[in-house]
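Structure, as structure tokens:
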Amino acid sequence: MEDIAQYVQKLGQSARKAAGDLAALNDGAKTAVLKKIAAAIVENRQALLDANAKDVEAAVAGQMAPALIERLKLNDKRINGMAEGVLQIAGQTDPVGEITDGWVRPNGLRIRRVRVPLGVVGIIYENRPNVTSDAAALCIKSGNVAFLRGSSGAIASNVAIANVLREGVAKAGLPENAVVLVEDTSRESAVEFMRLRGVIDCLVPRGGPSLIASILEHATVPYVIDGDGNCHVYVDAAADLDMALDIIVNAKCSGRACATRPRASSCTGRSPPPSCPVPPPPSTASSWSATPRRVPSSRWPRPPTTTTRRSSWP
């Protein structure tokens, strides 16, 4: 029986072999693949709900925090959202081949910077099943293989979703290993995943401080870390404070499982409104400051690509 290192390495090699096929796809072909995937998600709705019910049952039995269980749950609306998200990514402009810069050296040599696929993008994430489809779609749109490693709390859901994604990829005539999921959820498999040099071209973690700390300690592959989040609502001095209060309360309270809930509010040149209907608890209390703070930009404005230089025009 193969050990964990051999198992993860074997999966990685299968992902590596599919990278060339993905990189060679034109925009029309990638869009067609994503449409097949979106259709497969809708067609297999009940199978996804059944698998998710097992995860939720185990989470309840294990006394997982209610907010985390809410993140874990799938329902008809969320499955529709997953399919719609894939279609939205399909409709984005293809980033591959985009020229982002160009110049001519004094000796006449022409150089340009062009977006190209990374190859195999490893994504390690916590118990949010929808990340499985989101991450795979972003990778495919940008010509990359999606090599995924989710959490133990969502393993049944992730396996079911990954199988549906692979089915959609195969229906489009591509290698199903364009999407690969590590089904072993042990800590050892996570560490091996972070160390797949020569297989993973870029590792993207989506999780909290403990996951980020593990990446910093163990990863030997290139990685991108964006921190554990600190979203703000910025209120300008000229803003309507009643409207601002409604926005802040809605942003903070409408979805307790949302990772992008604001952690703080910043107000320029004014005191906060005199009353707040539901004051947040001390650990997440909004902070008001006379100094404006930078509002973080979207963390995924475009599918993941890298840039390279070429020494001549085609």
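None of the figures in this text is laboratory data; all of them are computed from the coordinates on show. Just so it is clear, the model here is predicted, and its values are computed rather than measured. We place every Cβ from the backbone using ideal geometry, glycine too, and count neighbours over all the protein chains shown.
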(request) Kindly write out, for the stretch 62-72 in residue order, the coupling ³J(HN,Hα) from the Karplus curve 6.51 cos²θ - 1.76 cosθ + 1.60 (θ = phi - 60°), rounded to whole Hz, with x marking Gly and Pro. (result) x, 6, 5, 4, x, 5, 6, 5, 4, 5, 6
(request) Find how many whole Å separate the alpha carbon centroid of the stretch 78-134 from the alpha carbon centroid of the stretch 1-32. (result) 17 Å
(request) Taking the Cα centre of the stretch 1-93 as origin, work out the dipole magnitude from +1 charges on Lys and Arg Cβ and -1 charges on Asp and Glu Cβ, in debye rounded to 20. (result) 220 debye
(request) Using label points projected 7 Å from each Cα along Cα→Cβ, tell me how many nm separate Asp101 and Asp3, to one decimal. (result) 4.5 nm
(message) What's the magnitude of the charge dipole for the stretch 1-46 around its Cα centre, counting Lys and Arg as +1 and Asp and Glu as -1 at the beta-carbon? Answer in Debye, nearest 20.
(response) 160 debye
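Using mean Cβ contacts within 10 Å as the protection proxy, how do 174-186, 130-142 order, highest first?
Values: 174-186: 19.9, 130-142: 25.5.
Ranking, from highest mean packing down: 130-142, 174-186.
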(request) Between Leu87 and Ser14, with labels modelled 7 Å along Cα→Cβ, what's the label distance in nm to one decimal, could you check? (result) 3.0 nm
(request) May I ask you to sort Met243, Met82 by Cβ crowding, counting other Cβ atoms within 10 Å and putting the fewest first? (result) Met243, Met82
(message) For a quick check: sort Arg105, Arg166 by the number of other beta carbons within 10 angstrom, fewest at the front.
(response) Arg105, Arg166
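So for the stretch 1-93, if I pair up every lysine 8 or more residues apart or on another chain, how many of those pairs have alpha-carbons under 21 Å apart?
On the way: Lys17/Lys30; Lys35/Lys77; Lys36/Lys77; Lys54/Lys73; Lys54/Lys77.
Pairs that pass both the separation and distance tests number 5.
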